[in-house]
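For reference, the structure is listed below as structure tokens.
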Amino acid sequence: MILLETNRLIIRNFLPDDWQDLQEVVIQYQASEWAKYEDPWPTSTEEVKGMTKFFASGDDFLAVRLKDTGELIGLIAIGRRKEQEERVHNLGYVFHPGYSGRGYATEGCQAVMTFLFEQLGITAILTGTRLENAPSVRLLERLGIHPIGNGEYCISKEEWQNQLKASQSQSP
């Protein structure tokens, strides 16, 4: 069971009962301009129930909830990239568009990255997004995940540790 807490968020494994909240996030996401950059998400009740049950069966999909209200505002996917020989994980995310521009995705992804590198001991994060998806590209850049070509982005554990050191040395 994964349970992460930030100043404003609770990030945890999905539970089967999360399906209605997830359905709302997915419906709102599918109606957003960002949805055109990836395959459509299922939105029917039965499909979302099945998807939520699948998400709840492991540690690869995490629910992102507001700490003060408990409202589900997104999900973060962290599945292992099995085509890689080393411990490399994905970092995917879908957030309710009504919460964009408030730093929740950055805050949530940073917490998950810390978990992946410090608790799971992974060696790198390898993810992707379309270059046309400017908000996603900006998020990856804020997280220090850099382009490596063909819409793929990467950050090694060493690069992540160096970022942490640099940000700590700049703190007052």
Can you find, within the stretch 26-53, the residue that is farthest from Pro16 (Cα to Cα) among those that are in a helix (DSSP H, G or I) and of a type in the set (A, V, I, L, M)?
Ala35
Restricting the stretch 148-172 to residues that are part of a strand (DSSP E or B) and of a type outside the set (D, E, K, R), which is surrounded by the fewest Cβ atoms within 10 Å (Cβ to Cβ)?
Gly149
Give all pairs with beta carbons closer than 6 Å in which a residue from the stretch 161-172 that is over 12 Å from Gly144 (Cα atoms) meets a residue that is modelled with pLDDT of 85 or more and loosely packed, with under 10 Cβ neighbours inside 10 Å; count only pairs at least 6 apart in sequence or on separate chains.
none
Just the residues that are aromatic (Phe, Trp, Tyr) and out of contact with any helix residue (DSSP H, G or I) (no Cβ under 9 Å at 6 or more places or on another chain), please, taken from the stretch 53-93.
Phe54
From the residues in the stretch 54-80 that are crowded, with 16+ Cβ neighbours inside 10 Å and part of a loop (DSSP other than H, G, I, E, B), which one is farthest from the chain's Cα centre (by Cα)?
Asp60
Selection status of Glu24, over 24 Å from Gly128 (Cβ atoms) and without any contact (Cβ under 8 Å) to a residue 40 or more places away in the chain:
no
If a residue has to be crowded, with 16+ Cβ neighbours inside 10 Å, in contact with a helix residue (DSSP H, G or I) (Cβ under 6 Å, 6 or more places away or on another chain) and not in a loop (DSSP other than H, G, I, E, B) to count, how many in the stretch 94-132 make the cut?
5
Is there any pair linking a residue in the stretch 64-88 that is on the phi > 0 side of the Ramachandran plot to one that is surrounded by fewer than 13 Cβ atoms within 10 Å (Cβ to Cβ) and modelled with pLDDT under 95, with Cβ under 7 Å and at least six apart or on different chains, and which?
none
Return yes or no: is Ile145 farther than 22 Å from Arg65 by Cα, in contact (Cβ under 8 Å) with a residue 40 or more places away in the chain and crowded, with 21+ Cβ neighbours inside 10 Å?
yes
Can you name the number of the only condition in (1) assigned to a helix (DSSP H, G or I); (2) on the phi > 0 side of the Ramachandran plot that Arg138 fails?
(2)
Could you check Thr6 against (1) within 19 Å of Pro97 (Cβ to Cβ); (2) out of contact with any His (no Cβ under 6 Å at 6 or more places or on another chain); (3) among the β-branched types (Val, Ile, Thr); (4) surrounded by 12 or more Cβ atoms within 10 Å (Cβ to Cβ) and say which number it fails?
(1)
Are any of the residues in the stretch 52-62 in contact with a His (Cβ under 7 Å, 6 or more places away or on another chain), modelled with pLDDT of 95 or more and more than 14 Å from Glu5 (Cα to Cα)?
no
State whether one or more residues within the stretch 144-157 are among the polar types (S, T, N, Q), under 15 Å from Trp34 (Cβ atoms) and modelled with pLDDT of 90 or more.
no
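The values are calculated or read from the model by the stated rules, or taken from the named source; none is laboratory data. Owing to the predicted nature of the structure, the values given are computational and were not obtained by experimental measurement. Positions of Cβ are backbone-derived with ideal geometry, glycine not excepted, and every protein chain shown enters the neighbour counts.
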